[in-house]
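Engineer: Pasting a structure here, questions to come.
The values are calculated or read from the model by the stated rules, or taken from the named source; none is laboratory data. Bear in mind the structure is a predicted one, so any value in this text is a computation, not a measurement. Cβ placement follows ideal geometry from the backbone for every residue including glycine, while neighbour counts extend to all protein chains displayed.
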Amino acid sequence: MIDLHDVSKSFAGKDIGTVHALKSVDLSIGGTEFFTLLGPSGCGKTTLLRLIGGFEAPSTGTIRIDGADVAALPPQKRPVNTVFQSYALFPHMTIGDNVAFGLRMLGRPEAEIATRVAAALEMVRLGGYAGRRPSQLSGGQQQRVALARALAPQPRVLLLDEPLSALDLKLRKEMQGELKRLQRETGITFVLVTHDQEEALAMSDRIAVMHDGHLLQVGRPTEIYHEPNCRFVADFIGEANLIPGDALGRDPGLTIAVRPERVTLGRANGHAAGRVRGNVAAMTFLGLDTLYEIELPGAVGIRARVRDLQGDVATGDAVDLDWPPEAERALAH
């Protein structure tokens, strides 16, 4: 559905010279995919979304949507709609008129508009709210109206620019499920921008991890989590122990990545056991499990998330650590 080839974007900075926001990005996003651009602030993910939407023009490269070159097309001429972080609803209009706004700008007949508005509001579970105004709705309901407005024209692609960041945690979790449901029901390609790793892992068919204008890794959530291809991805996605290779008798040029939940530990009994031995520096009870922070020789630390062990090991105890071979990733950079 979306194909980017050698796409770069540079901005002329006022005091710092040219800013290279995107650097030679190649990316293909399939039809009916829920795709997420994930990374920290300043990584280029929003710039990439704006290029797809037509709000910015690429400095180099080509952008195709559904096979057509859209580089010269303004946003309203692309088969794309965008839901922004701010709901951007018109406060003087009813909910029905807000949802109808884009359709009227496209010159659709009023009978068609009425049908599509009703269908879009039903889709986001606000069927009885057409006559209300935005000020009469909660933040979560306003976000649903913004989604209905974007979906009503039936775009081929829906771009979502951190749409849940203004919501509280409970509502954000609920809306994650709603977005995934809407994507399945409509079959529209969703492209989400977020810096929230849990959000990306929970909602996406595939994720692109970005850093400093580059795409570092693209893959399914399980691939990104369990098979990071570099140190940044391993560290950014979830929790990871990044252990210098020489601390485990490996090549000093390697970093060994192991997720804390894959680490097992037990009291050291004087015999060689496990992969490495250390001392418990701290323990934090987290409900379902306990986080143990272990100090190894050479000021190296390893974290282990373990169930049902808190009463058996105390701070200061010597412990043996182990993990299955498939749980570790050897990273060269």
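Engineer: For the range 109-131, which residues satisfy the criterion of being hydroxyl-bearing (Ser, Thr, Tyr) and without any contact (Cβ under 8 Å) to a residue 12 or more places away in the chain?
Structural biologist: Of everything in the range 109-131, just one residue is hydroxyl-bearing (Ser, Thr, Tyr) and without any contact (Cβ under 8 Å) to a residue 12 or more places away in the chain, namely THR115.
Engineer: LEU147 is checked against (1) in a helix (DSSP H, G or I); (2) without any contact (Cβ under 8 Å) to a residue 40 or more places away in the chain and fails just one. What number does that condition carry?
Structural biologist: So the condition that LEU147 fails would be (2).
Engineer: Going by the structure shown, is GLN176 part of a helix (DSSP H, G or I) and in contact with a Phe, Trp or Tyr (Cβ under 7 Å, 6 or more places away or on another chain)?
Structural biologist: no
Engineer: Within the range 243-260, which residues are in contact (Cβ under 8 Å) with a residue 60 or more places away in the chain and closer than 27 Å to THR290 by Cα?
Structural biologist: Selection gives GLY245, THR255, ILE256, ALA257, VAL258, ARG259.
Engineer: I need the full set of residues from the range 12-46 which are within 21 Å of ILE237 (Cβ to Cβ) and among the hydroxyl-bearing types (Ser, Thr, Tyr), in order please.
Structural biologist: THR36, SER41, THR46, listed by residue number.
Engineer: Follow-up. Would you pick out the residues in the range 215-227 that are at pLDDT 95 or above, not β-branched (Val, Ile, Thr) and not in a helix (DSSP H, G or I)?
Structural biologist: LEU215, LEU216, GLN217, GLY219, ARG220 - these are the residues of the range 215-227 that are at pLDDT 95 or above, not β-branched (Val, Ile, Thr) and not in a helix (DSSP H, G or I).
Engineer: Among the listed residues ARG250, ARG277, which satisfies the condition of being out of contact with any helix residue (DSSP H, G or I) (no Cβ under 8 Å at 6 or more places or on another chain), basic (Lys, Arg) and outside any strand (DSSP E or B)?
Structural biologist: ARG250
Engineer: Only residues that are modelled with pLDDT under 90 and within 34 Å of the chain's Cα centre (by Cα): list them for the range 307-333, please.
Structural biologist: Result: ARG307, ASP308, LEU309, GLN310, ALA332, HIS333.
Engineer: Hey, GLU174 hits all of (1) within 19 Å of GLU199 (Cα to Cα); (2) touching a Leu at 6+ places or on another chain (Cβ under 9 Å); (3) modelled with pLDDT of 90 or more but one; which does it fall short on?
Structural biologist: (3)
Engineer: Quick one: LEU167 ticks every box in (1) more than 30 Å from ARG64 (Cβ to Cβ); (2) in a helix (DSSP H, G or I); (3) without any contact (Cβ under 8 Å) to a residue 60 or more places away in the chain; (4) of a type in the set (A, V, I, L, M) except a single one, so which number is it?
Structural biologist: (2)
Engineer: Please work out which residue is farthest from ARG220 (Cα to Cα), limiting yourself to the range 179-207 and to residues that are in a helix (DSSP H, G or I) and out of contact with any helix residue (DSSP H, G or I) (no Cβ under 8 Å at 6 or more places or on another chain).
Structural biologist: ARG181
Engineer: Determine if the range 134-143 includes at least one residue that is within 30 Å of GLY67 (Cα to Cα) and at pLDDT 90 or above.
Structural biologist: Going through the range 134-143, the residues within 30 Å of GLY67 (Cα to Cα) turn out to be none.
The answer is no; no qualifying residue exists.
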